[in-house]
Amino acid sequence: MTTVHITGSMLLQLVVSGLLAGGLYALVALGLSLIFGVMRVINVAHGTLLMLGAYTTYWLFTLTGLNPFVSLVVSMPVLFVVGVVLQRLFVHRVVEAPELSSLLLTFGISIFIANVAMLAWSADYRSVEFLTGSFLLGPIALSKPRLVSFVVALGLTGLAFLFLHRTKTGKAIRATSQHRDVAQVCGINVRRIDLITFGLGAGLAGAGGSLVSVMFAVYPEMGQVYVFKSFLVIVLGGAGNYPGAFFGGLLLGLVEGLASLFLTAQLSEVIAYVLLVIVLLVRPTGLLGGRT
Amino acid sequence: MRDSPILEVREVVKRFGGVTAVNRCSLSLAPGKIYGLIGPNGSGKTTLFNCITGVEVRDAGEIRFKGGRIDGLKPHQVARRGIGRTFQIIRVFPELTALENLLVVTRGPSEAARRRAQELLRFVTLDRLQHEYAGNLSYGQQKLLEFIRVLITDPELILLDEPAAGVNRTLLNELLAAISQLRDQGKTVLIVEHDMKVVMGLCETVFVLDYGEKIAEGPPGVIQTDERVIEAYFGR
Amino acid sequence: MRTAFRSVTGLVTALVILAGSWTPALAQEWTVGASISLTGTYAKPGKYTQEGYLLCEKDINDKGGLLGRKIRFVVYDDKSDPPTAIKLYEKLITEDKVDLVMGPYSSPVTNAASTVSEKYKKLMMASLAATTSIWERGFKYLFMTISPAEVYLEGLVDLAVERGLKTVAVINEDTLFSKAAAKGTIELAKKKGMQVVFHEAYPKGTTDFSALLIKIKSLNPDVIAAGSYFDDAVATTRQMKELDVNPKMYGVTVGGDLPEFYKLLGKTAEYVYGSSQWEKGLPYPGIKEFVTNYEKMWNREPVYHSAAAYGACQVYAEAIKRAGSLDSDKLRAELLKIKMKTIFGDYQVDERGFQVAHKMVLHQWQDAKKVTVWPAAVSEGKPLYPTPPWQRR
Amino acid sequence: MTARAGVLAFLLVAVAGLAVVPLFASGYHVTFIIQVFMWMALAGSWNLISGFTGYVSFGHVAFFGVGAYTGALLITKAGWHWLPAGVAGAAPAAALALVIGYPCLRLKGPYFAIAMLGLNEVVRALVSYFEGFTGGGSGLSLPPILSIAPVYYAMGGTAAAVTLLTYRIITSQFGLRLLSIREDEVAAEVMGINTARLKLYAFLLSAAFPGIVGGFYAWYASHVEPLSVFPLLTTITMIIMCLFGGKGTVFGPVLGAGLLSVFQELVWARFLFVHQAIFGALIVGVVLLIPRGILGVLQQRYQLPRSI
């Protein structure tokens, strides 16, 4: 067997691919991070919400031919509503409970929804064949769907930041995530903020799903891999640190890519985990700082 | 002539981000006396307690107990050297019974420990409730339970964080009597308290903190007339 | 306390009663037991397997049954979980007292389930297990239907050698079957004088193959062979296009044969080689009728899983006819002797019960159609070669 | 005292009854009970760390998987008898718990859960990676097992051992101290309890038993592979069984495992395609309606000793 010599252009190609993947991680993780920051709830159902977003796009594309990127204007509100309903019916009851309750509750919701999705749409793999192929820049191939998804993810992340920093509701969300009790004392309706936050988090997961659908297959269990990745991103960026989630996402994309280049795909998971544990132990506030 | 101090806090500093919660604070406690630690809200009293008991790690300075350094020790190690404390917000173990709350912290042979626990429960008239979950007890009862949970470990130095807060008069008098009794047994007590009557009636020496700094120290009568103290409490 | 206790005992009693009541009633028919993965990882191929069995049940019964009795399949869901399959075969054999057992879907599940059938000396016709090691345990009552994983890409290697191609990169999902397929491909390639320049496994569930493909791209191999399942096959194909990786031939084991492969990838699937145990256009006896009946019964085209399940059932029925009995040892003797062609192709096993006659086929996606291009004896067309680079497709 | 005698008598009868089951029951019933035993032991083990100290081990199946591989390797490569090989599964499981618990038990709240969740994925990846040793993704095949009765007793013994150990712990000061960690770790520390060490002890114990169960499982299933011995769902199942019965009690995991196993057996047979949804709904129901579990509710309402 020939040994693979890692050349500069390979490295560059991988950095590009890693960053493109990372942009999507950042978007998905931002939703999880919002929910975690405000309610200390680890939403294991986040991946399932992503799946619902992907199916929304898939059906709109298949039935009406709607551009998958345009379908975001449907998938995000739909998932926002789903999130609000879930929060209203279930999650609000475990906000103050020990983390085991929220972990299990959202896991239960997750397998429930995935099973219903399987009954409704079967376990078949589906795909949105919208953009394929790549732009060639010298030795670098820029995947078209990933590039566009990356740009859209970036845009959405930016919009989310604007929302969090410029609007009254956004500021209230940040205040609540910093000091739940203080926010309450200051007259913020924390229950309402929880509701909006979960909706928003779900909406971002839905957006992530729409973007994933143009790259990868759509099926009921497609979201699972994104849950742990999102945790990782949150930890890397620092819990409650929303810009941190963005850089954490890019970083994870890079680390995964480089680890699978220099080692193997098997070990990239291990590297990512070791990174997680080290960060948790050495800098529990995340690489960029945040609140524990 | 003074005994050598049981607790010495020297130039202790604790920061949280940009905020200095305790700023070069020094205290010296002689054995067998009751001390008060007062100061406005947020002046660093609880943080200082936390540094002494190892719950927070001080950033600079030195803490000695009976001559040995205890800064840098873990909380349980500090406790085992002979320092016990209560918390500002009650922290009993709600799903353990009253009796279990005591048994869980005892060291040594279990039969003797059980007898001692029941004795203490009788002492604060909680013996009838010994098998009740601590979380089901009233506020005052929990306060008493937390208090005797400190006593059962037989510490030489006891730190009490606002023992009188939210306690009715009858109970308060019992508590105060119990604290005096501790002194008579040779224990040292350091009390954080807002109720000036309690402080004045009980303490021999009072330390005053403001913005993490010790601004005054002396007998209660003197402290009450200290200008800096009045300024700290009533604004500039 | 008392009421709570009563309600708990009540619940338990109710559960026990329910549990006792689910034993199916037996009529004058032969029951054939099988566990199938109707949910879990293998749900999809599991369903196809079940459909094959049920069509076989219908066809046999329409023709008057076996030894004068109709047959009836008793199928439970093993959740794609081997220990569950163990429990289910125990249940089928000791509780339901089925007359015959057929295999579940997938190698790991068959591996586990066959320990039970072997213990009770029940003859198991394993219809969908392709792992060689299962037949290296010295079992007496386990028979194989499909070609082993190792020969899945024999056609790809053959065609590559014919065209004078020299280098091959092999990737595979790190699971029982895919690994064996990759290992077999590597050995075949080496034996035929090709150079294996790259081999790497990726974990199940991988969606992003960038790093792997970039490494391969730098080696520029003539052939890429993937020991894949469906989703990874789709993803690698797509990402090869995205990363502009241009081998002269590219083939996948599983996935490339399913209609969904083209449905998902569209034109990107063109020129891709896929291997299959079976195609509906093959010249096997009874195959047309099978396809028609299948489409009528299930409203979709049969895939190889269904055909293998049906074929295994056919072989089993033949053995029963010849033995004139359901006795395991008599059946075993027949199954070791039988050489036959079913709708699934050739059947013949060695003394281990290991399949030696069945042939794989290789097809290529040409103009939205799956065209069988290997082996020559059954091929429907010529492979389109060379494969143009992505930018010119 | 009479209640206690009654419970003891009931237990004796139950144990005696279970002991003779393999003599007359069908293979199916025996395998079913083996699985119940397996779940009892797993749920009981999880209870030791998470039910007592409140530290949520969200990747407990990692210890099971490590035990399974240990058993499989000792049987296939070292030629051990399955019984000692299964028991030996405890050692690497506990070692793994030490390596990961020593640093990670310092993590508070959800972070420990996340670290444990990741641990399982990583152990699986490592097992796949070192394929020369572990067979990688294709796993290891063991010799077929021809009699399941011995496995029945081994698994039953393990479940009994976990339950007995839980009883011993719960009636000891060690147990009280573990509970105090769950109730208020800082207060426990300040009262002189070395929580770090106690958590680690509890974690080691709680990891050792899944290791043994895994070792026996390898023999029982006669095949181990990364996907079948490290599923997240196994962790969730043991958690939900423990919660359903009552975490932090002795017989909660036993009851939860028993009831839910029967329940699953029925659901799986009758509602083929919705059993995941039912399981999901069940999880939601337990978390929202009876977070204390059956025995927890009974215990609180009727002031029963914790040792139920």
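Take residue A:31 and decide whether it is within 14 Å of chain C (Cβ to nearest Cβ), part of a helix (DSSP H, G or I) and within 14 Å of the chain's Cα centre (by Cα). Reasoning before the result, please.
Details: within 14 Å of chain C (Cβ to nearest Cβ): no; part of a helix (DSSP H, G or I): yes; within 14 Å of the chain's Cα centre (by Cα): yes.
Answer is no for this residue.
Could you grab me the full set of residues in region C:167-186 that are open to solvent by 10 Å² or more (accessible area, probe 1.4 Å), at pLDDT below 95 and not polar (S, T, N, Q)?
Hits for region C:167-186 are C:174, C:176, C:177, C:179, C:180, C:183.
Which one is modelled with the lowest pLDDT among residues in region C:61-106 that are closer than 28 Å to residue C:149 by Cβ and more than 10 Å from chain D (Cβ to nearest Cβ)?
Only one residue fits best here, namely C:106.
Any idea how many residues of region A:205-222 are surrounded by fewer than 24 Cβ atoms within 10 Å (Cβ to Cβ) and part of a helix (DSSP H, G or I)?
Residues meeting the conditions: 0.
Just one of the numbered conditions (1) open to solvent by 30 Å² or more (accessible area, probe 1.4 Å); (2) within 21 Å of the chain's Cα centre (by Cα) is not true of residue D:151; which one?
(1)
Which of the helices (runs of 4 or more DSSP H) contained wholly in region D:70-134 include at least 2 residues that are within 19 Å of residue D:45 (Cβ to Cβ)?
Here the list reads D:82-88, D:90-104, D:110-129.
Name every residue in region B:66-78 that is on the phi < 0 side of the Ramachandran plot and either open to solvent by 10 Å² or more (accessible area, probe 1.4 Å) or in contact with a Cys (Cβ under 7 Å, 6 or more places away or on another chain) (or both), in order of residue number.
Result: B:68, B:69, B:71, B:73, B:74, B:75, B:76, B:77.
Within region B:139-158, how many residues are more than 20 Å from residue B:30 (Cα to Cα), outside any helix (DSSP H, G or I) and of a type in the set (A, V, I, L, M, F, W, C)?
Residues meeting the conditions: 1.
So, of the residues in region A:1-43 that are of a type in the set (Val, Ile, Thr) and open to solvent by 20 Å² or more (accessible area, probe 1.4 Å), which turns out to be farthest from residue A:87 (Cα to Cα)?
Once the filter is applied, the top-ranked residue is A:2.
Which one of A:57, A:62, A:106 is open to solvent by less than 20 Å² (accessible area, probe 1.4 Å), more than 10 Å from chain D (Cβ to nearest Cβ) and assigned to a helix (DSSP H, G or I)?
Just one listed residue meets the conditions, A:57.
Quick one: would you say residue C:58 is over 26 Å from residue D:33 (Cα atoms) and in contact (Cβ under 8 Å) with a residue 40 or more places away in the chain?
So residue C:58 fits the description; yes.
Filter region A:250-285 down to the residues that are within 19 Å of the chain's Cα centre (by Cα), farther than 20 Å from residue D:119 by Cβ and away from chain C (no Cβ under 14 Å) and list them by number.
Listed by number, the residues that qualify are A:250, A:251.
Can you pull out the residues in region C:163-200 that are more than 17 Å from residue D:226 (Cβ to Cβ) and polar (S, T, N, Q)?
Once the filter is applied, which keeps residues that are more than 17 Å from residue D:226 (Cβ to Cβ) and polar (S, T, N, Q), region C:163-200 yields C:167, C:185, C:195.
Considering D:157, D:101, which residue is more than 14 Å from chain C (Cβ to nearest Cβ), surrounded by 22 or more Cβ atoms within 10 Å (Cβ to Cβ) and not aliphatic (A, V, I, L, M)?
Answer to the selection: D:101.
Suppose we filter region C:243-263 for residues that are farther than 21 Å from residue C:388 by Cβ and of a type outside the set (Lys, Arg); how many remain?
Counting residues in region C:243-263 that are farther than 21 Å from residue C:388 by Cβ and of a type outside the set (Lys, Arg) gives 7.
For residue D:168, state whether it is assigned to a helix (DSSP H, G or I), facing another protein chain (nearest Cβ under 8 Å) and without any contact (Cβ under 8 Å) to a residue 60 or more places away in the chain. Break it down stepwise before answering.
Values: assigned to a helix (DSSP H, G or I): yes; facing another protein chain (nearest Cβ under 8 Å): no; without any contact (Cβ under 8 Å) to a residue 60 or more places away in the chain: yes.
Against the criterion (assigned to a helix (DSSP H, G or I), facing another protein chain (nearest Cβ under 8 Å) and without any contact (Cβ under 8 Å) to a residue 60 or more places away in the chain), residue D:168 does not qualify.
How about region C:257-267: which of its residues are within 13 Å of chain A (Cβ to nearest Cβ) and either under 24 Å from residue C:187 (Cβ atoms) or free of Cβ contacts under 8 Å to residues at least 40 places away in the same chain (or both)?
Within region C:257-267, C:260, C:263, C:264, C:265, C:266 meet the criteria.
Restricting attention to region C:113-130, does a residue exist that is open to solvent by less than 10 Å² (accessible area, probe 1.4 Å) and closer than 30 Å to residue C:211 by Cβ?
Yes, region C:113-130 contains at least one residue that is open to solvent by less than 10 Å² (accessible area, probe 1.4 Å) and closer than 30 Å to residue C:211 by Cβ.
Residues D:67, D:137, D:109, D:132: which one is within 8 Å of another protein chain (Cβ to nearest Cβ) and at negative phi? Spell out how you get there, then give the answer.
Numbers: D:67 fails: within 8 Å of another protein chain (Cβ to nearest Cβ); D:109 fails: at negative phi; D:132 fails: within 8 Å of another protein chain (Cβ to nearest Cβ).
Just a single option satisfies the conditions, and that option is D:137.
Return yes when residue B:98 is more than 10 Å from every other protein chain (Cβ to nearest Cβ) and touching a residue at least 40 places away in the same chain (Cβ under 8 Å) and no when it is not.
yes
Applying the selection to region A:67-97, what residues are free of Cβ contacts under 8 Å to residues at least 12 places away in the same chain and open to solvent by less than 50 Å² (accessible area, probe 1.4 Å)?
A:97
Could you list, in sequence order, the residues of region B:93-115 that are surrounded by 18 or more Cβ atoms within 10 Å (Cβ to Cβ) and either under 21 Å from the mean Cα position of the chain (by Cα) or more than 24 Å from residue D:185 (Cα to Cα) (or both)?
B:93, B:98, B:101, B:102, B:103, B:104, B:105, B:106
For region A:112-150, what are the residues that are farther than 21 Å from residue C:214 by Cβ, touching a residue at least 60 places away in the same chain (Cβ under 8 Å) and part of a helix (DSSP H, G or I)? Can you show your working first?
Residues of region A:112-150 that are farther than 21 Å from residue C:214 by Cβ, as a first pass: A:112-130.
This time we only want the ones that are touching a residue at least 60 places away in the same chain (Cβ under 8 Å), so: A:113-115, A:117-118, A:121, A:123-128, A:130.
Within region A:112-150, A:113, A:114, A:115, A:117, A:118, A:121 meet the criteria.
Hey, among D:42, D:11, which residue is part of a helix (DSSP H, G or I) and either open to solvent by 70 Å² or more (accessible area, probe 1.4 Å) or in contact (Cβ under 8 Å) with a residue 60 or more places away in the chain (or both)?
D:42
Would you mind listing the helices (runs of 4 or more DSSP H) fully within region C:164-255 where at least 1 residues are away from chain D (no Cβ under 14 Å) and within 17 Å of residue C:274 (Cα to Cα)? Spell out how you get there, then give the answer.
Values: elements: C:176-191, C:210-219, C:230-242.
Qualifying helices (runs of 4 or more DSSP H): C:176-191, C:230-242.
Is it fair to say residue A:120 is open to solvent by 50 Å² or more (accessible area, probe 1.4 Å), more than 30 Å from residue C:390 (Cβ to Cβ) and either under 18 Å from the mean Cα position of the chain (by Cα) or of a type in the set (A, V, I, L, M) (or both)? Show your work before the answer.
Working: open to solvent by 50 Å² or more (accessible area, probe 1.4 Å): yes; more than 30 Å from residue C:390 (Cβ to Cβ): yes; either under 18 Å from the mean Cα position of the chain (by Cα) or of a type in the set (A, V, I, L, M) (or both): yes.
Spelling it out, residue A:120 is indeed open to solvent by 50 Å² or more (accessible area, probe 1.4 Å), more than 30 Å from residue C:390 (Cβ to Cβ) and either under 18 Å from the mean Cα position of the chain (by Cα) or of a type in the set (A, V, I, L, M) (or both).
Of all residues in region D:238-259, how many are more than 11 Å from chain A (Cβ to nearest Cβ) and open to solvent by less than 10 Å² (accessible area, probe 1.4 Å)?
Here the count works out to 11.
Which ones in region C:203-247 are without any contact (Cβ under 8 Å) to a residue 24 or more places away in the chain and open to solvent by less than 30 Å² (accessible area, probe 1.4 Å)?
Result: C:211, C:215, C:242.
Enumerate the strands (runs of 3 or more DSSP E) found wholly within region C:313-393, keeping only those where 2 or more residues are more than 29 Å from residue C:54 (Cβ to Cβ) and among the aliphatic types (A, V, I, L, M).
In region C:313-393, the matching strands (runs of 3 or more DSSP E) lie at C:369-374.
The values are calculated or read from the model by the stated rules, or taken from the named source; none is laboratory data. A quick note: this is a predicted structure, and the numbers were derived from the prediction, not measured. Don't worry about glycine lacking a Cβ; one is built from the backbone with ideal geometry, like all the others, and counts go over all protein chains shown. All accessible areas refer to the heavy atoms of the entire protein, side chains included, with ligands and DNA or RNA removed. Shrake-Rupley method; radii C 1.70, N 1.55, O 1.52, S 1.80 Å.
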